[in-house]
Amino acid sequence: YVQSLLDIMAFLDRDPEDQATLGQFTNALVTIRNRHNDVVPTMAQGVIEYKEAYGDDPVSNQNIQYFLDRFYLSRISIRMLINQHTLLFDGSTNPAHPKHIGSIDPHCNVANVVRDAYNMAKLLCDKYYMASPDLEIEEVNATNSQQPVSIVYVPSHLYHMLFELFKNAMRATVESHESSPRLPAIKVMVALGQEDLSIRMSDRGMGVPLRKIERLFSYMYSTAPTPQMGTGGTPLAGFGYGLPISRLYAKYFQGDLQLFSMEGFGTDAVIYLKALSTDSVERLPVYNKSAWRHYQASQEAGDWCVPSTEPKNTSTYR
């Protein structure tokens, strides 16, 4: 990070109108972006090693969650800026997406992104399980029923969220219906209203208990075996950062990602995005005294009784 800052500072007094300088600056940004490609799995591996060394501590877990949410959201923003600059100033147009403004699609067809994410997740699911559930997709456009649902958005961000949700839904569906002759389909509803664009993904993967919902968004928790770094590529599951990072992508432009599960039946995952581009402003962490005090605050005792899962033997206190 120090080296990346120095690389940027080298252009502080350079002429921004000079074409050679612009080219060098763009190349420097590409170098910086590539330098930090492995930050997420590296940080995730660090969290795993910390947990193995020190165990679970509620205060530390809370601070790690707070720090990583802000750290990763800053990373999303920085990479968004770098991608925008490099795409706009490299002097070429992407032939596959000629109407994109950098990485932003002014008319992002949501259903198409859903299908792209599903197809990629299906390939992985078929490769690993030799089976995969079908996709059923439905659209509701309350603003114009004759038109497909589209918004101004970054397709790669939406794809990232949907791909993660499809992986989870497919894994749960296949593993919970191993003896069934046919896998229940994953159903996706895309609804565009006046303020929100909502994408609901429903699976029949038997769901998860209510007490585990918040854990799914924790960097300290994963439902898959822990992977090892250096095994040739980022693992699809195991680090436990898929859902929390996906929720940050949604929150980056003032949206959200929530899970609603019915244990024994299935799970609904809902992505909320802003329907209007004027509402899709960056959500960024602020580094001030309030943020610093968050790390200093001690966790107070709860003011509600919680049944113990391991009742103490009171005879030892007599």
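We did not get these values from a lab; they are worked out from the coordinates using the rules stated. For clarity, every value in this text was computed on a predicted model and none was experimentally measured. Counting neighbours? That spans all protein chains shown, and the Cβs are built from the backbone with ideal geometry, glycine included.
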Rounded to the nearest Å, what's the spacing between the alpha carbon centres of region 61-101 and region 110-130? Just the number, please. 23 Å
What order do you get for 70, 35, 293 when you list them from fewest to most C-beta neighbours inside 10 Å? 293, 35, 70
Which ³J(HN,Hα) values in Hz, rounded to whole numbers, follow from the phi angles of region 25-41 under the Karplus curve 6.51 cos²θ - 1.76 cosθ + 1.60, where θ = phi - 60° and Gly and Pro get x? 5, 4, 5, 5, 5, 4, 4, 5, 4, 5, 4, 9, 4, 9, 4, 5, x
Taking the square root of 5λ for each eigenvalue of the C-alpha gyration tensor of region 105-279, the equivalent ellipsoid has semi-axes, largest first and in whole angstrom, of 26, 19, 16
Using alpha carbons only, what's the Rg to Rh ratio of the chain with Rh from Kirkwood? 1.00
With charges set only on the Cβ (+1 for Lys and Arg, -1 for Asp and Glu), what does the dipole of region 1-87 come to about its Cα centre, in debye to the nearest 20? 160 debye
The chain - charge dipole about Cα centre, Lys and Arg +1 at Cβ, Asp and Glu -1, debye rounded to 20: 480 debye
5 Å is the cut-off here: which amide hydrogens, built 1.01 Å from N in the peptide plane, fall below it relative to residue 275, excluding neighbours closer than 5 in sequence? 196, 197
What is the magnitude of the charge dipole of region 105-279 about its Cα centre, with +1 placed on the Cβ of each Lys and Arg, -1 on the Cβ of each Asp and Glu, and no other charges, expressed in debye to the nearest 20? 420 debye
Of all the stretches in the chain, which is the longest one without any exposed loop site, taking GluC sites (Glu not before Pro) in a DSSP loop (any state but H, G, I, E, B) with at most 14 other Cβ atoms within 10 Å? 18-177
Could you tell me which residue out of 31, 48, 64 lies farthest along the dipole of region 2-136 toward its positive end? Charges go on the beta carbon: Lys and Arg +1, Asp and Glu -1, centred on the Cα centre. 31
Convex hull of Cα atoms in region 1-150, direction-averaged projection (nm²): 15.1 nm²
Over the alpha-carbon set of region 110-170, divide Rg by the Kirkwood Rh and report the Rg/Rh ratio to two decimals. 1.04
Note the direction-averaged projected area, equal to a quarter of the hull surface, for the Cα convex hull of region 141-216, in nm². 7.0 nm²
